[in-house]
Amino acid sequence: LLLRRECCSFSSGEYVKAGLAELEQWCCYATEEYVGSAWDELKHIKQAVGFLVTHQKPKRTLNEITKELCPVLSIQQLYRISTMYWDDKYGTHSVSSD
C-alpha cells in the first residue's frame, strides 16, 4: 500500500476497505483453526486504509491520528501515506503540514 502512489488514493482505500469487510465476515464464521490471529495481523493495513478513507484529514491533529486513528503505524509510515495520498473522488487534501 505504501509503495505505490496510485494505491494511496481515496477510492483505493474504499476498495481495500470493502475487501477487508468481506474478510472480517469470513473470519467471524470460520473456526479458530483456520483463522488463528489472521485478523489481528492485518491491523497495520486496516489502520492505513482507515486513514485513506477518513474525511477532513486537514482538520485532524497529529495526536488524533497517532493515538486514535492509526496507533500502530509509525511516524515514518504516517508521513509516507500522508504525502503520497491523493483524493481521486472528492478532491480533498491530505493532512495539514502542521
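Rule-based calculations on the coordinates, nothing more; no lab input. Values in this document were obtained by computation on a predicted structure and should not be read as measured data. No Cβ is skipped: glycine too gets one built from the backbone with ideal geometry, and neighbour counts run over all protein chains shown.
Condition first: farther than 15 Å from Asp40 by Cβ and over 10 Å from the mean Cα position of the chain (by Cα). Now tell me which residues in the stretch 13-24 satisfy that.
The answer is Tyr15, Ala18, Gly19, Ala21, Glu22.
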Q.
I'd like to check something: does the stretch 57-66 contain any residue that is among the acidic types (Asp, Glu) and closer than 19 Å to Val95 by Cα?
A. yes
Q: Report yes if some residue within the stretch 41-61 is free of Cβ contacts under 8 Å to residues at least 40 places away in the same chain and over 23 Å from Asp87 (Cα atoms); otherwise report no.
A: yes
Q) Can you tell me how many residues in the stretch 10-19 are in contact (Cβ under 8 Å) with a residue 40 or more places away in the chain and either farther than 13 Å from Thr54 by Cβ or of a type in the set (Lys, Arg) (or both)? A) 2
Q: Those residues that are surrounded by 14 or more Cβ atoms within 10 Å (Cβ to Cβ) and either closer than 14 Å to Pro71 by Cβ or under 21 Å from the mean Cα position of the chain (by Cα) (or both), I need them from the stretch 25-44; list them, please.
A: Cys27, Trp39, Leu42, His44
